[in-house]
Amino acid sequence: MALEKRPREELNRAVIFLGPPGAGKGTQAKMLAARYAVPHLSTGDMLREHVSKQTALGAEAKPIMERGELVPDSLVLKMVAERIERPDCTHGFVFDGFPRTVAQAQYLGEMLKQHGFRRPFVIHLLIDQALLLRRLTGRRTCKVGGEIYNIYELPPKIDGRCDSDGGELVQRPDDRQEIVAPRLQAYEKQTAPLVKYYRRLGLLHDVDAAKSVEEVSQQVQRSVQQTRGAR
Ligand code: AP5
């Protein structure tokens, strides 16, 4: 059997990207996960997959997501618990869009302890609300590989087609302007309290998310490297 190839630097922990819709969590989480060769765990992507496969969970989540509200903790926690038990998570993983409530964060803390992981590393993406609307309404995602583009900021070379695999680029239904407002409200009410929660625990690292994708990524990598050894 071929030996598993690991990068020289290992992550060996959970990294959490925290920030409002459109802050760049998915963009940055994918880059960081690729760098450390660990899974990128987006609860939004997992839920959208359930919706497209028409599972029972997907049927429950669909109308909630369409309204721009949060899916109940009970559904999300079970899905995450099952995912991090898979063998590809042994060397760490990068969360995008999870946890989103204090109850989810507390549950995650317990799960990480049970699996023998160190405390998570939380990257807080700071961004002005005015930029978010442009990022969300301009976002297009590849139907094939999930690559993320933005028609204003990061357009593909060929209109409507993915640079990597030529897949069709589509708009997420919840990126329509009328659904963006309730998503931002849900963030302020239910997820923003996590900033205080993780800051109090000394686990939060602020990153200016208004900069370019490359600059944000460099800041993220610097913070992760500086604290990689910390417990
Ligand atoms: P989810 O899929 O997690 O969406 P979100 O949190 O609203 O975040 P987004 O994916 O919209 O934005 P992002 O921060 O990832 O930005 P991105 O990198 O794509 O959740 C969807 C729904 O699922 C929720 O509303 C909820 O119903 C449910 N859900 C999911 N998780 C849940 C949970 N844990 N509990 C309960 N419910 C849950 O970037 C956005 C755009 O900006 C792109 O076009 C990108 O190209 C561009 N961009 C990114 N960075 C830059 C940059 N630096 N400069 C210029 N453009 C940039």
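The table for this structure:
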| read-out | value |
| --- | --- |
| Residues being surrounded by fewer than 16 Cβ atoms within 10 Å (Cβ to Cβ), touching a residue at least 24 places away in the same chain (Cβ under 8 Å) and either touching a Cys at 6+ places or on another chain (Cβ under 6 Å) or β-branched (Val, Ile, Thr) (or both) - total across region 152-181 | 1 |
| Qualifying position, being within 17 Å of the chain's Cα centre (by Cα), in a helix (DSSP H, G or I) and buried (at least 17 other Cβ atoms within 10 Å of the Cβ), among Tyr149, Tyr187 | Tyr187 |
| Region 116-139 - residue that is of a type in the set (Val, Ile, Thr) and closer than 18 Å to Glu153 by Cα and, of those, nearest to the chain's Cα centre (by Cα) | Ile127 |
| Given (1) in contact with a helix residue (DSSP H, G or I) (Cβ under 6 Å, 6 or more places away or on another chain); (2) of a type in the set (Gly, Ala, Ser); (3) more than 8 Å from the ligand (Cβ to nearest atom), number of the condition Gly68 does not satisfy | (3) |
| Per-region count, region 85-107, residues more than 9 Å from the ligand (Cβ to nearest atom) and buried (at least 20 other Cβ atoms within 10 Å of the Cβ) | 4 |
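Every read-out reported here was derived from the displayed coordinates using simple, explicitly stated rules and does not represent laboratory data. If you're wondering where the values come from, they're calculated on a predicted model, not measured in any experiment. Because the Cβ atoms are built from the backbone with ideal geometry, glycine has one as well, and the counts that use them run over all protein chains shown.
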